[in-house]
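Have a look at the structure below before the remarks.
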Amino acid sequence: MSAGGAGFAQTDGHSGADGPDVPGGRRLARERQGPAVWQSSPPGSIYDYIRVATFSLGPDGRIDQWSERAAQMLGIPAHHAIGRDPVAAFVPAELRETGYRKVSEILDGREWTGLVPYRKEEGGGADGLAEIYVMPSEAADGGRGALCLVVDVRALRGIETDLAASQAVFGQSPMGFTLFGTDLKLLRVNERFATIFGGPVGKYRGGSAFDFLPRPEAERLTAALRRVLDTGKPVTEMHLVGTAPGKEECRRWSVSVYRLHGASGRPIGVAALAWDVTGRRRAEREAANARRNLALLNEAGARIGNSLDLETTARTLLDVAVPQFCDLASVDLYQGLLAGDEAPPGMTDGSAELRRVAFSSAVSDAPLATTCSVPEGEPGAVAVGAVHRYPFNSPCAGALRTAQVQILPGRDSDDGPELGALVHSTLAVPMVARDTVVGLVQFSRTKGSEPFGERDTALAVELAARAAVCIDNARLYRREHERALMLQRSLLPPGDPEAAGLDIACRYLPGTTATEVGGDWFDVIELPGHRTALVVGDVMGRGLRAAVAMGELRTAVRTLALLDLEPAEVLSALDEIARGLGGGGDGRATGRAPRSRSGATPGPDRSARTADLSEVYLATCVYAVYDPVTRRATFANAGHLPPVLVEEGEGAALLDVPPGMPLGVGGEPFEEIEVDLPDGALLALYTDGLVESRDQPLDEGLQALRTALSGAGDLLEEVCDHVLSALDTSHGEDDIALLMARVHGLPKDAVGDWNLAPEARSVSRARELARDQLTDWGLDALVDTTELLVSELVTNALRHGHGEIRLRLLLDRTLVCEVWDADLAQPRRRRARDTDEGGRGLQLVGLLSKRWNSRRTPRGKTVWFELALPDGTSEPADAAEALLSLF
């Protein structure tokens, strides 16, 4: 009856030689001498699940033997059962007649099997239903009895249910299911398992993991099975990779393993659940790639375009792409577009010159070669900053020509041991902005990385497009910025201007290319009488409009300066001009919004536009006029930083010039002060970009400027360089204008100054004084012309003016003659008729002088003319010919 063959089935549950104390419940094989020995049933015997009870009937039909299992199952101890009538004891009353008849038949020698309801004794438990197998037996004395085997029907039903569930698992489960024995051999697999790993069900029985998995994976699974069998700890979601028999596609499986136990708790094997997760893994990988691509796009949107510098934008693109998207990448831009051309030659067919502006790599420090990067098809690397072009038939040129992505083949290992052979996949992506190809970006992956797919190609196009728009914006901004700088510089004095009695040095530093141009300006204006106007100003706001406003104000300053107005008057006039510019030309301040004819105030857009214009045309300015004869300067300030004066032997000091209100505010008068400037003194005018930044407060900047000027040398150019190097001028936040002048005045022997009485003989006296002075100066070549023009001006002063006449000659880079009188009426040049005897004096002055004009003075006017000094190469104008030309 034992499932083990020669052994006897122990139905009482006691273990034998290989009981549960043996590790893993595995049966130990022992080598014994002699005949077969008794041994317990192997794990998984049916008797572990069905508890079979036995009892026997004597010839009298009463119970004469009662097993312990019968006592446990039926709840009746042996001393109560032996000797009793089984029908009367266990069978219900209504079935007793049938029971007695069956017992009689059994005692007559007939076997019987059937279901018999039984009733336990009081207190023994509930009634039940038993399946009894009765076999007639014969006693030693020849009497007949019966041996009865009893099985509880409920246990049988449980076995049927378990078998049905097991069959459902094997036959209907959507997952692969298999059983391994304790020797790790396959006992049974279901159809789904065979479908997952390939082949019919029958080929797996008796096999091992090495029959359906690659050896490395089979070793992993076998080790896991043994560990589960030994420890009882399950293994879940173990991933295996391999190729199903007859198929080339690599698959991925997930396997969960757990130990099986018999009814007695002894291990009887290992069960494994397996399912193909290749599709799920692919979906997870695609989802991860999609998340990565989305993260890359988000990062690209946040980082690319934060700078208006072309190279910085290109490097930022590569910082985003490497190594998150590819292993190395490069950016090429059309050289002509970088130089400002709208469409360089060869741009349409992809053969134009390009410049490598950025390169990044996670596998090498130097650029790698590609199959189309060098003319004539020779593989080679292009360094950053190098100008090159792609061969016409190369994939890169095709990408530029068609504006379509091209896939570049990888280099074969036969090309050499260089790192270029590591590249196995490259995308050449044109950078298209506003339907124009501006360059090419190459994304490359090396061996060991996944090749580019369709999603990768779409992402590469999106990254290149975003960078292309930003690079094109940077290119357009650079072009406009350079034009604005060109405009701004064209409005500044060329080189170092010259002035009588002053050594001039100036510096102008525009903001960095990442910022807009500003409205800083300076100017040096020659005034009559060898005087010089020094101007430094700053238009509030930035951009091209600020530069244009600066040009308008600078032109206005020059015009007003030539009218020889006092500095305060010049600023007052400038203020009116700025208010007119800012107020849309109506000359009114824009602090209050103008009303329309209907009385309504303009809408918010118009108000904002008006306020914006008003802000652009607000400006600060300091204006100074220096007279080299008196060595005195007159200052007026419109909200600008104070000038700095450094006298010999003393430290730098800020001049106490009344600050005034900025130009364009209006409503406040401007004050002016006069300051004596000794020879050797140093005067510095500047804008706030020199002394103020985010990292340097204004007070600290002014102190640093004073310290730098106090320790400066004698050469003016070196002083400028020293100041710019000592102060923080590299912040690039604002333009910097610096105008420096060293005072040396006109020598006394370079000035001739006389007062003449208002009488006719003063004309000859003026000619005599001019002749003697020019002879002393060695300007004999100018004597005749000077005498003639001095005679005309003194004669006009006597004829049209009144009061004392003053004659002054000034010698510096030119000769200046001034005639002063007390009349306020300005001379007016007119053309005399041929019959007129006079009226040609001012015409003659205009013909013979370099320039001439008149200006008002506090007590009259001054008429002056200027003659160029002889240079030895050209003759001065002939006075006689000029006089004859008037008739």
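A few notes on this one:
- Spacing of the modelled spin labels on Met175 and Thr161, each 7 Å from Cα toward Cβ, amounts to 2.2 nm.
- Our estimate of slack between His261 and Ala78, defined as 0.36 nm per intervening residue step minus the Cα-Cα distance, is 62.6 nm.
- Calculated diffusion of the stretch 197-259, Stokes-Einstein form, Kirkwood radius summed over Cα pairs, 10 °C and 1.306 mPa s, µm²/s: 127 µm²/s
- Computed 3J(HN,Hα) for the stretch 426-433, one whole-Hz value per residue from the Karplus formula 6.51 cos²θ - 1.76 cosθ + 1.60 where θ = phi - 60°, is 9, 10, 9, 10, x, 9, 10, 9, glycine and proline marked x.
- Each peptide in 752-765, 154-167 receives the mean, over its residues, of other Cβ atoms within 10 Å, and ordering these scores from highest gives 752-765, 154-167.
- Cross-link check: pairs Lys185/Lys447; Lys233/Lys447; Lys748/Lys861 evaluated at a Cα-Cα cut-off of 32 Å; pairs beyond the cut-off: Lys185/Lys447; Lys233/Lys447.
- Placed amide H near Glu671: partners under 5 Å, 5+ positions off or other chain: Asn637
- Long-range HN-HN contacts of Arg188 with modeled amide H, under 5 Å: Leu179
- For Ala283 and Tyr477, a Förster radius of 51 Å and the Cβ-Cβ distance give a FRET efficiency of 0.70, rounded to the nearest 0.05.
- Here the 3J(HN,Hα) profile of the stretch 686-696, calculated from phi with Karplus coefficients 6.51, -1.76 and 1.60 at θ = phi - 60°, is 7, 10, 5, x, 6, 10, 9, 7, 5, 9, 9 Hz, Gly and Pro shown as x.
- Sites Asp823 and Asp503 - FRET efficiency at Förster radius 30 Å, r taken between beta-carbons, to 0.05: 0.20
- Phi-based couplings in Hz for the stretch 558-571 (Karplus 6.51, -1.76, 1.60; Gly and Pro marked x): 4, 5, 5, 5, 5, 6, 6, 7, 5, x, 5, 5, 4, 5
- Taking amide H atoms as placed 1.01 Å from N in the peptide plane, the amide H of Leu677 lies under 5 Å from those of Arg632, Ala633, each 5 or more residues away in sequence or on another chain.
- Peptides 691-701, 352-362 ranked from most to least packed, by the mean per-residue count of other Cβ atoms within 10 Å: 352-362, 691-701.
- Computed over Cα pairs, the Kirkwood radius of the stretch 731-778 leads via Stokes-Einstein (1.002 mPa s, 20 °C) to a diffusion coefficient of 143 µm² per second.
- Length available on full extension from Leu654 to Glu454: 0.36 nm per residue minus the Cα-Cα distance, which gives 65.1 nm.
- The alpha-carbon atoms of the stretch 289-332, seen along their principal axes, cover 31, 21, 12 angstrom, with the largest extent given first.
- In summary, the convex hull built on the alpha carbon positions of the stretch 49-156 has an orientation-averaged projected area of 6.6 nm².
- Here the peptides 278-285, 457-464 are ranked by packing, the mean other Cβ count within 10 Å, and the order with the highest first is 457-464, 278-285.
- Pairwise label distance in nanometres, Ala302 with Ala140, each label 7 Å out on the Cα-Cβ vector: 9.8 nm
- Counted over the stretch 159-313 with a bin width of 10 Å, the fraction of Cα pairs per bin, in whole percents, is 10, 32, 26, 12, 8, 7, 4, 1, 0.
- Extension gain, Asp183 to Ser490, is 101.0 nm, computed as 0.36 nm per intervening residue step minus the present C-alpha separation.
Each reported figure results from applying straightforward, stated rules to the coordinates on display, with no laboratory input. Please read these numbers as outputs of a predicted model, since none were measured by experiment. Cβ atoms come from the backbone with ideal geometry, glycine included; neighbour counts cover every protein chain shown.
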